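*Asks:* First, the structure itself, so that you have it in front of you.
The values are calculated or read from the model by the stated rules, or taken from the named source; none is laboratory data. These numbers were taken from a predicted model, which means no experiment stands behind them. So basically every Cβ, Gly included, is an ideal-geometry build from the backbone, and we count neighbours across all protein chains shown. Calculation scope for accessible area: heavy atoms of the full protein, side chains included, ligands and nucleic acids excluded. Shrake-Rupley method; radii C 1.70, N 1.55, O 1.52, S 1.80 Å.
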Amino acid sequence: MIELKNAKKDFGHGENCTHALQGIDLHINEGEFIAIVGTSGSGKSTLLHILGGMDKLTSGEYRFNDELISNYSFNKLQEFRKQYISFVFQNFALMNKYTVYENIEMPLLARRIKKRKEIIMDCLDKLGITDLKDKCPTQLSGGQQQRAAIARALAADTPIVLADEPTGSLDNKNSNDIMNCFEEILRKGRTVIIITHDMNIASRCQRIIHIEDGIIVDS
Ligand SMILES: Nc1ncnc2c1ncn2[C@@H]1O[C@H](COP(=O)(O)OP(=O)(O)OP(=O)(O)O)[C@@H](O)[C@H]1O
Ligand SMILES: [Mg+2]
């Protein structure tokens, strides 16, 4: 489903250039549950952003179902994301002006999904944040915001869920609940790729991709 060939991503130019991805070759099948691990600054978030169509490669190829995504314009990438991708950002990226409920509803509206209330209430319940549904993100703790961001990604029910350290702000019980949620959507045939620093979390995935200095050292 996903194929990266000699994928490179630079930030900046000349002396200030950072080679964040330095030639990644990667194949990911539909239905896989993958953890990306590596030290801080190794390129994990950059790789996830590329996979999610949030950013473009400097060189190399990204194919999705044999379509050459790396040639897409930013407009076409937006359509690609809407159809296929839910993304849980490292900094959550919730909309502060809207309630938790409204934040979760947004991708459902964008995808013209019906019976939204039922879907949203189910996700709120699974993540244990039903009582927070009318609060705004600024009124929530970090862990609560993280669970709201994950609820938003799960509710959208896209084929692919990408999550940047989805359990980074959570205690063991909540981390476990979130892994259970991911396992549930995997059973529906979804593909889940997460970044984590927690080897207990990574070991629950089917495959671990280890990246250092923008290169895959093990997968
Ligand atoms: N928008 C950007 N502009 C300039 N440099 C960037 C940008 N995003 C990332 N980088 C650089 O690219 C490299 C990889 O960053 P990335 O965010 O992918 O690391 P990471 O593995 O996710 O780290 P962490 O575990 O700390 O989140 C770093 O050296 C970082 O400074
Ligand atoms: Mg990161």
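*Asks:* Being more than 17 Å from the chain's Cα centre (by Cα), crowded, with 17+ Cβ neighbours inside 10 Å and not β-branched (Val, Ile, Thr) is true for just one of Asn174, Asn200. Which residue is that? Break it down stepwise before answering.
*Replies:* Numbers: Asn200 fails: crowded, with 17+ Cβ neighbours inside 10 Å.
So the residue among Asn174, Asn200 that is more than 17 Å from the chain's Cα centre (by Cα), crowded, with 17+ Cβ neighbours inside 10 Å and not β-branched (Val, Ile, Thr) is Asn174.
*Asks:* Please work out if Glu30 is farther than 21 Å from Ala93 by Cβ, within 18 Å of the chain's Cα centre (by Cα) and either more than 10 Å from ligand 2 (Cβ to nearest atom) or not in a helix (DSSP H, G or I) (or both).
*Replies:* So Glu30 fits the description; yes.
*Asks:* Just checking, how many residues over the stretch 153-183 are away from ligand 2 (no atom under 16 Å from the Cβ) and either small (Gly, Ala, Ser) or in contact (Cβ under 8 Å) with a residue 40 or more places away in the chain (or both)? Quick ask: steps written out before the conclusion?
*Replies:* First, pick out the residues of the stretch 153-183 that are away from ligand 2 (no atom under 16 Å from the Cβ): 153-161, 170-183.
Applying the additional criterion that residues be either small (Gly, Ala, Ser) or in contact (Cβ under 8 Å) with a residue 40 or more places away in the chain (or both) yields 153-161, 174-175, 177-178, 181-183.
Residues in the stretch 153-183 being away from ligand 2 (no atom under 16 Å from the Cβ) and either small (Gly, Ala, Ser) or in contact (Cβ under 8 Å) with a residue 40 or more places away in the chain (or both): 16 in total.
*Asks:* Please identify the pairs in which a residue from the stretch 55-80 that is open to solvent by 60 Å² or more (accessible area, probe 1.4 Å) has its Cβ atom under 7 Å from the Cβ atom of a residue that is assigned to a helix (DSSP H, G or I) and aliphatic (A, V, I, L, M), counting only partners at least 6 apart or on another chain.
*Replies:* Arg63/Ile69
*Asks:* Testing Pro166 on (1) under 30 Å from His27 (Cα atoms); (2) open to solvent by 30 Å² or more (accessible area, probe 1.4 Å); (3) within 17 Å of the chain's Cα centre (by Cα); (4) not hydrophobic (A, V, I, L, M, F, W, C), one condition comes back false. Which one is that?
*Replies:* It is condition (2) that Pro166 fails.
*Asks:* When only residues in the stretch 39-54 that are open to solvent by 10 Å² or more (accessible area, probe 1.4 Å), in a loop (DSSP other than H, G, I, E, B) and hydroxyl-bearing (Ser, Thr, Tyr) count, which is farthest from ligand 2 (Cβ to nearest atom)?
*Replies:* Among them, the one singled out is Thr39.
*Asks:* While we're on this one: For Gln90, are the conditions met, namely being in contact (Cβ under 8 Å) with a residue 12 or more places away in the chain and assigned to a loop (DSSP other than H, G, I, E, B)?
*Replies:* yes
*Asks:* Hey, another quick one. Which condition number does Ile129 fail, the rest of (1) within 20 Å of Pro107 (Cα to Cα); (2) of a type in the set (A, V, I, L, M); (3) within 16 Å of ligand 1 (Cβ to nearest atom) being met?
*Replies:* (3)
*Asks:* Continuing with this model, one more query. Kindly provide the set of residues from the stretch 18-38 that are within 10 Å of ligand 1 (Cβ to nearest atom) and open to solvent by 40 Å² or more (accessible area, probe 1.4 Å), ordered by number.
*Replies:* Passing the criteria: Thr18, His19.
*Asks:* Same structure again: With the condition kept exactly as written, say whether any residue in the stretch 62-78 is outside any helix (DSSP H, G or I) and within 16 Å of ligand 2 (Cβ to nearest atom).
*Replies:* Checking the stretch 62-78: not a single residue is outside any helix (DSSP H, G or I) and within 16 Å of ligand 2 (Cβ to nearest atom).
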